[in-house]
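Here's the structure we're looking at; comments come further down.
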Amino acid sequence: MGADVHKGEDRNDGGLPVDDGGLSGEGGGLSGDAGALPVGPDGLAVDHEYLSLERELTFLFRRARANQGEMAREVHPDLESAAYGLLVRLDEYGRQRATELAAYIGVGKATMSRQLRALEDLGLIAREPDPADGRAWLVDLTGEGRRRVAHVREARRARYVSQLSHWDRREVAELARLMHQLNGVMEK
């Protein structure tokens with residue numbers, strides 16, 4: 001697992017990216033003692049493990065945002081990046097109410113309505129009245145939407161397989177388990 005995942009980024013002797021969010025150098029500073037913990041702006045020591053975690057998550061989130069935009073354009077050239085997550089949710093869980101989707105994505109009803117209207121105009125989703133509640137609508141992928149999302153998701157999985165081919169499958173499984181655990185904690 002020792003591959004350099006941050007090609008082109010500056011590194012210090014420990015193999016970590018140099019940018020530490022302003023906790024080293026002027027202002028926050030590292031203590032002059034070798035092996036001492038970095039000191040944050042509040043004067044408290046920062047644990048190396050959590051500083052490293054913050055760096056890696058920042059890098060991962062930045063990369064994920066860029067990838068989401070690419071995947072959205074692969075589904076449809078006019079698809080907004082933010083709407084890709086809606087399509088994946090519908091692909092995995094099937095038809096849902098717009099209010100459920102809004103809660104999952106974390107947006108308001110007006111934003112969700114706008115995104116759903118755009119997806120409908122692109123022919124990727126369809127809405128139908130909810131038989132359990134005539135006032136509500138159920139949203140689902142169209143056949144074309146399902147085909148396009150499946151194609152992009154399969155291509156993404158193939159990239160992961162290629163990029164991580166030198167990893168032991170148990171490492172991949174452990175990474176997935178730990179990320180699932182982290183997502184559970186972050187959701188609370």
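The values are calculated or read from the model by the stated rules, or taken from the named source; none is laboratory data. If you're wondering where the values come from, they're calculated on a predicted model, not measured in any experiment. Glycine gets a Cβ as well: all are built from the backbone with ideal geometry, and neighbour counts include every protein chain shown. In case anyone asks, the SASA skips ligands and DNA or RNA and just uses the protein heavy atoms, side chains included. Shrake-Rupley method; radii C 1.70, N 1.55, O 1.52, S 1.80 Å.
Taking the stretch 56-89 as the range and being surrounded by 14 or more Cβ atoms within 10 Å (Cβ to Cβ) and either aromatic (Phe, Trp, Tyr) or not in a helix (DSSP H, G or I) (or both) as the test, the residues that pass are PHE59, HIS76, LEU79, GLU80, TYR84.
The residue of the stretch 147-188 that is most open to solvent (accessible area, probe 1.4 Å), among those that are in a loop (DSSP other than H, G, I, E, B) and either over 30 Å from HIS76 (Cβ atoms) or of a type outside the set (A, V, I, L, M, F, W, C) (or both), is LYS188. Candidates GLU92, GLU100: the one that is free of Cβ contacts under 8 Å to residues at least 24 places away in the same chain and surrounded by 16 or more Cβ atoms within 10 Å (Cβ to Cβ) is GLU100. When ALA118, ALA136 are checked against the criterion of being surrounded by 11 or more Cβ atoms within 10 Å (Cβ to Cβ), within 18 Å of GLU100 (Cβ to Cβ) and of a type outside the set (D, E, K, R), a single residue qualifies: ALA136. If you go through the stretch 26-55 and pick out every residue that is open to solvent by 100 Å² or more (accessible area, probe 1.4 Å) and either modelled with pLDDT of 65 or more or not in a loop (DSSP other than H, G, I, E, B) (or both), you end up with 6.
Against the condition open to solvent by less than 60 Å² (accessible area, probe 1.4 Å), outside any helix (DSSP H, G or I) and among the aliphatic types (A, V, I, L, M), how does ALA126 come out, does it pass? Judged against the criteria, ALA126 is a match.
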